[in-house]
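Working notes, structure below.
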Amino acid sequence: MRKLGSLFAVLRGLCRWFSVLVMLFIVSGCNAAPSVLDPRGPAAGEIRWLSWVLIGMGLVVYVGVCGFLVMGLLRGHQDRRQRADHTEAEYPEDAKRGHGIVVWGGIVMPAVVLLIIAGLTFNTLMALSARSDAAVTIDVIGHQWWWEVKYPEYDIITANEIHIPVGQPVRINLTAAGVVHSFWVPQLHGKLDMIPGHTNTFQLQADTAGEYRGICAEFCGIQHARMLFLVIAQPPDEFTQWLETHSQPAAEPVDTSAQQGRNIFLSSTCAQCHAIAGTEAEGRLGPDLTHFASRREIAAGTLANNRGNLAGWIIGPQELKPGNLMPATDLSGADLQALLDYLATLK
Ligand code: CUA
């Protein structure tokens with residue numbers, strides 16, 4: 001009786017923890033994290049369908065196994081009381097039935113379930129690898145820890161932000177410099193690895209205009225978690241306008257402070273790592289800054305792109321994202337303000 005009491009106490013404890021887990025699971029749906037179950041493109045739609053089918057099949061198998069487990073426990077309890085002192089040899093038909101359950105439940109059923117899952121998965125993979133005429137080709141190169149983005153047909157180089165026309169497929173060529181990364185925009189497409197010396201190609205399409213969070217899905221070093229990007233799907237005419245603006249070199253600054261800022265940029269270490277089309281700055285170690293001011297974020301999604309964050313980033317990049325390649329820049333207050341004025345003109 002005491003044993004039964006302590007068993008119930010353990011069960012009560014387990015139930016409490018289980019309800020906490022269920023709560024956490026439900027509450028996790030409240031934040032704005034991009035979800036594969038909230039697709040905004042045809043590829044992500046295929047993936048959602050497969051996800052629900054797999055979750056459903058898993059649930060059926062789980063409930064079935066739990067049912068057999070409870071039946072087994074109840075029967076075992078009864079049998080022990082009725083058949084104490086007897087051996088299996090005295091109940092040959094029971095042993096035979098047991099073997100049957102092992103063959104059907106342990107070999108045939110799992111094989112059928114796995115075959116169905118493999119078939120559905122291949123079917124989804126085929127659908128994802130289908131190709132149609134792409135509106136534009138975009139090369140994305142993974143760096144530690146940012147994304148270089150090129151539109152070779154338009155001579156555009158940018159970073160951490162990929163603009164695409166809504167409702168049209170675009171071709172994405174993925175590669176990496178240094179280490180392996182993985183390109184993932186959960187609401188638009190599955191993950192695809194970015195491998196140094198190799199190009200992986202796929203088609204990306206968004207059916208709704210908007211901003212979609214992209215993340216690196218392969219551990220690539222200490223700042224793997226701060227390697228984010230945005231896919232911005234725009235109406236085709238807006239996208240054409242974006243291509244037009246971004247294929248132009250940077251505008252000449254007119255303001256005196258901005259002009260002074262440009263001189264600081266070109267004479268300091270900035271220009272050794274960053275390029276600005278239309279100036280002598282041709283560094284390729286860090287992101288291209290030609291139209292930097294038009295980007296939403298800095299340091300690959302680490303911070304919003306505003307004057308305060310940018311000042312902090314220039315002065316102390318190692319405090320904000322330790323281990324990244326950018327060294328601290330030692331500037332007087334006035335020089336920093338001038339540099340910020342110049343960077344703000346790079347629209
Ligand atoms: Cu790049 Cu993880």
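Here are the numbers for this structure:
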item: Over the chain - Rg/Rh using Cα atoms and the Kirkwood inverse-distance radius; result: 1.18
item: Calculated FRET efficiency for the pair V180/D330, C-beta based, R₀ 51 Å, to 0.05; result: 0.90
item: All-pairs alpha carbon distance profile, the range 297-347, 5 Å steps from 0, percent; result: 4, 21, 31, 26, 15, 3
item: Relative contact order, percent, the range 232-347 [alpha-carbon distance under 8 Å, six or more residues apart]; result: 32
item: Rg to Rh quotient for the range 163-267, alpha carbon positions, Kirkwood Rh; result: 1.08
item: Amide H contacts under 5 Å for I162, placed H, 5+ residues apart; result: L230, V231, I232
item: Of L320, L50, L115, the one that fluctuates the most in a GNM where the chain has Cα springs shorter than 10 Å; result: L115
item: Sum of side-chain charges, P186 neighbourhood, beta-carbon under 12 Å (Lys, Arg +1; Asp, Glu -1); result: +3
item: Percentage relative contact order, the chain, counting C-alpha pairs under 8 Å, at least six apart; result: 14
item: Cut-off under 5 Å, modelled amide H: who pairs with T201 long-range; result: L174
item: Neighbour net charge for R171 - beta-carbon separation under 12 angstrom, K R +1, D E -1; result: -2
item: Under Karplus coefficients 6.51, -1.76 and 1.60, residue-wise ³J(HN,Hα) of the range 48-55 in Hz, glycine/proline x; result: 5, 4, 4, 4, 5, 4, 5, 4
item: Carbon plus sulfur fraction of accessible area for the chain, probe 1.4 Å, in percent; result: 64
item: For Q168, residues with placed amide H under 5 Å, excluding near neighbours; result: A206
item: Vicinal HN-Hα couplings computed from phi for the range 196-204 (Karplus, 6.51 cos²θ - 1.76 cosθ + 1.60; Hz; Gly/Pro x); result: x, x, 9, 10, 9, 10, 8, 10, 10
item: Solvent-accessible surface (1.4 angstrom probe) belonging to W184, in square angstrom, nearest 10; result: 60
item: MRE, 222 nm, helices only [DSSP H, n ≥ 4, -39500 (n - 2.57), over the chain, to nearest 500]; result: -14500 deg cm²/dmol
item: Accessible-area order (highest first, 1.4 angstrom probe) of the listed residues L346, L285; result: L285, L346
item: Cα point-scatterer Debye curve for the range 225-347, base-10 log of I(q)/I(0) at q = 0.10, 0.15, 0.16, 0.17 Å⁻¹; result: -0.31, -0.71, -0.81, -0.91
item: Test item: Cα-centred dipole of the range 199-322, Lys/Arg +1 and Asp/Glu -1 on Cβ, debye; result: 440
item: Probe 1.4 Å, all protein chains present, accessible-area order of T124, T240, T208, largest first; result: T240, T208, T124
item: Order of exposure, largest accessible area first, which applies to H99, H224, H198, H163 with probe 1.4 Å; result: H99, H198, H224, H163
item: Among C273, N324, T290 the positive-end extreme of the charge dipole of the range 223-327 (Cβ point charges); result: N324
item: For the range 217-285, convex hull of alpha carbons as volume per residue, Å³; result: 152
item: Heavy atoms of R12: accessible area, 1.4 Å probe, square angstrom to 10; result: 150
item: Rounded to the nearest 10 Å², the accessible area of E252 at probe 1.4 Å; result: 120
item: For the range 309-321, 3J(HN,Hα) per residue [Karplus equation, 6.51 cos²θ - 1.76 cosθ + 1.60, θ = phi - 60°, Hz, x = Gly/Pro]; result: 4, 5, 4, x, 5, 5, 6, x, x, 6, 6, 7, 8
item: Pairwise centroid distance, computed over Cα atoms, of the range 239-256 with the range 327-343, Å; result: 22
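The values are calculated or read from the model by the stated rules, or taken from the named source; none is laboratory data. Nothing here was measured: the structure is a model prediction, and the numbers come from that model. Here Cβ is always computed from backbone atoms with ideal geometry, including for glycine, and neighbour counts include all displayed protein chains. Just the protein is used for accessible areas: all its heavy atoms, side chains included, with ligands, DNA and RNA removed. Shrake-Rupley method; radii C 1.70, N 1.55, O 1.52, S 1.80 Å.
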